[in-house]
Amino acid sequence: MPDTVVLAVHYQNENCHPDGKVGIGIGEDRAWSEARLASAKRLFAASRAAGVPIVHTRLALPADMATVIANTPILRRFVEIGAWVEGGWGAEFLDGLGPEDREPVVTHTRNNVFHNSILDEVLFPLRPRRLVVCGVSTAYAVDHAVRHAADLGYEVTVAADACSTATIRQHEATLETLKLLARIATVDEIVAEFAALG
């Protein structure tokens, strides 16, 4: 079994589809963002071919928002516009970027995919040493996941061109700050490593 797991963060309609309510994941340059989603699909295909597990995470909030602690501007905005509603279209995975063949899915209610979720329990039996993190949005959920995973002792690689956020500048600035916590790599580099596993 590989010692690596791909951690896929928030490839959901709400922040990745043009009709989603949240513009944080797909922002000013649609072509740039679409290229990143295409790279994520390539990463998933290579992971599956190499037998590298993928763990998918999804943000989903209760329809009445009654239990959402709206203590930050971003969460207040989600509540105001009724985003990420459990059972709704927005919380579903974007076509082509969801789980296949019983790949695990972890649902959570904050920006940090580890917070108050079963992610640790899902990862434990897979026994990874390294996490390859990809997803949307680079500046929020991906950033949270990388920092938390590094603190837990994982060796983290960020699949840089499989991540997207509202602006290219914000994306690049986030990756720059993460360089001391994680390896920043391209999908091509990661795919080549996965191919070598076979």
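The values are calculated or read from the model by the stated rules, or taken from the named source; none is laboratory data. Computed from a predicted model, the values in this text were never measured in an experiment. Backbone-built Cβ (ideal geometry, glycine too); neighbour counts: all protein chains shown. Keep in mind that these areas ignore ligands, DNA and RNA; they rest on the heavy atoms of the full protein, side chains included. Shrake-Rupley method; radii C 1.70, N 1.55, O 1.52, S 1.80 Å.
Criterion first (surrounded by fewer than 21 Cβ atoms within 10 Å (Cβ to Cβ) and free of Cβ contacts under 8 Å to residues at least 12 places away in the same chain) does N116 satisfy it? In short, yes. Out of segment 63-95, which residues are open to solvent by less than 90 Å² (accessible area, probe 1.4 Å) and under 14 Å from the mean Cα position of the chain (by Cα)? Result: A91, F93, L94.
Listed conditions (1) modelled with pLDDT of 95 or more; (2) out of contact with any helix residue (DSSP H, G or I) (no Cβ under 6 Å at 6 or more places or on another chain); (3) among the acidic types (D, E) are all met by E92, apart from (2).
Considering R42, R58, the condition of being surrounded by 19 or more Cβ atoms within 10 Å (Cβ to Cβ) and of a type in the set (K, R) is satisfied by R58 alone. All of A145, A166, A162 fail the test of being in contact (Cβ under 8 Å) with a residue 40 or more places away in the chain and in contact with a Cys (Cβ under 9 Å, 6 or more places away or on another chain), apart from A162. Out of A31, A49, one residue alone is surrounded by fewer than 15 Cβ atoms within 10 Å (Cβ to Cβ), in contact (Cβ under 8 Å) with a residue 60 or more places away in the chain and part of a helix (DSSP H, G or I). It is A49. Considered as a group, the residues in segment 137-182 that are at pLDDT below 95 and either within 17 Å of S117 (Cβ to Cβ) or of a type in the set (A, V, I, L, M) (or both) include one that is surrounded by the fewest Cβ atoms within 10 Å (Cβ to Cβ), and that residue is I168. Taking the criterion of being at pLDDT below 95 and small (G, A, S), the residues of segment 7-23 that qualify are G20, G23. Residues of segment 103-115 that are modelled with pLDDT under 95 and over 16 Å from L75 (Cα atoms): none at all. Restrict the check to segment 72-88 and report whether at least one residue is modelled with pLDDT of 95 or more, closer than 16 Å to G135 by Cα and not hydrophobic (A, V, I, L, M, F, W, C). Scanning segment 72-88 turns up no residue that is modelled with pLDDT of 95 or more, closer than 16 Å to G135 by Cα and not hydrophobic (A, V, I, L, M, F, W, C).
The condition (being out of contact with any helix residue (DSSP H, G or I) (no Cβ under 9 Å at 6 or more places or on another chain) and in contact (Cβ under 8 Å) with a residue 24 or more places away in the chain) is satisfied by just one residue among R102, R183: R183.
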